[in-house]
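The values are calculated or read from the model by the stated rules, or taken from the named source; none is laboratory data. All values reported here derive from a predicted model rather than from experimental measurement. In this analysis, Cβ positions are derived from the backbone assuming ideal geometry, glycine residues included, and neighbour counts consider all displayed protein chains. Quick note on the areas: whole protein, heavy atoms, side chains included, nothing else; ligands and nucleic acids left out. Shrake-Rupley method; radii C 1.70, N 1.55, O 1.52, S 1.80 Å.
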Amino acid sequence: VQLQASGGGLVQPGGSLRLSCAVSGIIFGDYDVGWYRQAPGKQREMVAIIDSVGWTAYADSVRGRFTISRDNAQNTVYLQMNSPKPEDTAVYYCVAKHRWSAEFGSWGQGTLVTVSS
């Protein structure tokens, strides 16, 4: 499985940013995908996941501001980040697992998002 994340960068508080992750090497429709993040000095945490049939889950801290989606024709998962806050600053990782697996075992290289004015 290969996951290539892109779209990170500097964004102002209250702005918007969209992360993309191109996934290859798998039958994308059989996989759950999502985003995790790790802020400096903090543990890695789940941000949002979308399963193979489109069910979604979000961390409480981003629910209502971030939206995860997937395009099965393009083998791509997105994270739309609206109204980001400085505490959203982190390296964001794209993740994937087969729908029968318990844990996300495939991780991308990460893309840095910095929320600052």
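For the chain, the longest stretch holding no chymotrypsin sites (Phe, Trp or Tyr not before Pro) located in a DSSP loop with at most 12 other Cβ atoms within 10 Å is which?
1-54
Which net charge results for the neighbourhood of Gly54, defined as the other residues with beta-carbon distances under 13 angstrom from its beta-carbon, given Lys and Arg at +1 and Asp and Glu at -1?
-1
Defining a contact as two alpha carbons under 8 Å apart and six or more residues distant in sequence, what relative contact order in percent does the chain show?
Numbers: 286 pairs, mean separation 42.5, N = 117.
Normalised by residue count, the contact order of the chain is 36 percent.
How much accessible area per residue does the chain have, counting only protein heavy atoms and a probe of 1.4 Å, in square angstrom?
52 Å²
Go ahead and run the numbers for FRET between Asp30 and Trp107, Cβ-Cβ distance against an R0 of 22 Å, rounding to 0.05.
0.75
Taking every pair of alpha-carbon atoms in the range 1-42, what share in percent sits in each 10 Å bin, from 0 to the bin with the longest distance?
Whole-percent P(r) values from 0 Å outward: 20, 44, 27, 9.
Loop sites only, by DSSP: take the trypsin sites (Lys or Arg not before Pro) in the chain that have at most 15 other C-beta atoms within 10 Å and name the longest stretch containing none of them. Before the final figure, lay out each step's value.
Details: sites that count: Lys42, Arg44, Arg65, Arg99.
With a cap of 15 other Cβ atoms within 10 Å, the longest stretch comes to 1-41.
With an 8 Å Cα cut-off and a minimum separation of 6 or more residues, compute the relative contact order for the range 1-62 in percent.
23 percent
Sticking with the crude label model, points 7 Å out along Cα→Cβ, report the distance from Ser61 to Leu10 in nm, one decimal please.
So the two model labels end up 2.3 nm from each other.
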